[in-house]
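First up is the structure itself, then whatever we jot down about it.
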Amino acid sequence: QVQLVESGGGLVQAGGSLTLSCAASGSIVSANAMAWYRQAPGNQRSLVASITRSARTNYADSVKGRFTISRDNAKNTVHLQMSSLKPEDTAVYYCNADLWLAPSTQPRNYWGQGTQVTVST
């Protein structure tokens, strides 16, 4: 069974740091684009950061300069280093990835189960 497993969420004070990790498991050939999204109560899920297989990155304006996305292609993992955290960063963070399950096929999109990040004042 193919799945994305997230870890690293928790409670942190404003100004602190936290790192989220996501690992793709199961019968996977490789991962294409990977990303982190977040959803706060009452809000829609929105893109936080994305990274291509060649490590080209994209960030939401609200996190530029504070968050860093990275990946390990050999391990099919993606990480989100978050620093200078603000209360408005509080949300459930979801990992998202396009995964190749077999050679010469189209990648399929998967979501993780989500991990809570809470930033206190």
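What the table below lists for this structure:
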item: Relative contact order %, the chain, counting alpha carbon pairs below 8 Å whose residues are six or more apart; result: 35
item: Protein accessible area in the range 1-83, 1.4 Å probe - carbon and sulfur %; result: 45
item: For the range 70-80, Karplus couplings with θ = phi - 60° (6.51, -1.76, 1.60), whole Hz, Gly/Pro x; result: 8, 8, 10, 5, 5, 9, 6, 10, 9, 10, 10
item: Cα gyration tensor of the range 43-114 - equivalent ellipsoid semi-axes, whole Å, descending; result: 25, 14, 10
item: Efficiency of FRET from Cβ geometry, Ser84 and Ser104, R₀ 35 Å, rounded to 0.05; result: 0.20
item: Long-range amide H partners of Leu101 with built H, under 5 Å; result: Val29, Arg108
item: Per residue solvent-accessible surface (Å²) - the chain, probe of 1.4 Å; result: 53
item: Selection of trypsin sites (Lys or Arg not before Pro), the range 49-111, meeting DSSP coil and at most 15 other Cβ within 10 Å; result: Arg53, Arg56, Lys64, Arg66, Lys75
item: Unit Cα scatterers, Debye sum, the chain: log10 I(q)/I(0) for q = 0.11, 0.14, 0.15 Å⁻¹; result: -0.34, -0.55, -0.62
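The values are calculated or read from the model by the stated rules, or taken from the named source; none is laboratory data. Being a predicted model, the structure only gives us computed values, none of them experimental. Quick reminder, even Gly has a Cβ in these numbers, built from the backbone with ideal geometry, and neighbours come from all protein chains shown. What goes into the accessible areas is simple: the full protein's heavy atoms, side chains included, and nothing from ligands, DNA or RNA. Shrake-Rupley method; radii C 1.70, N 1.55, O 1.52, S 1.80 Å.
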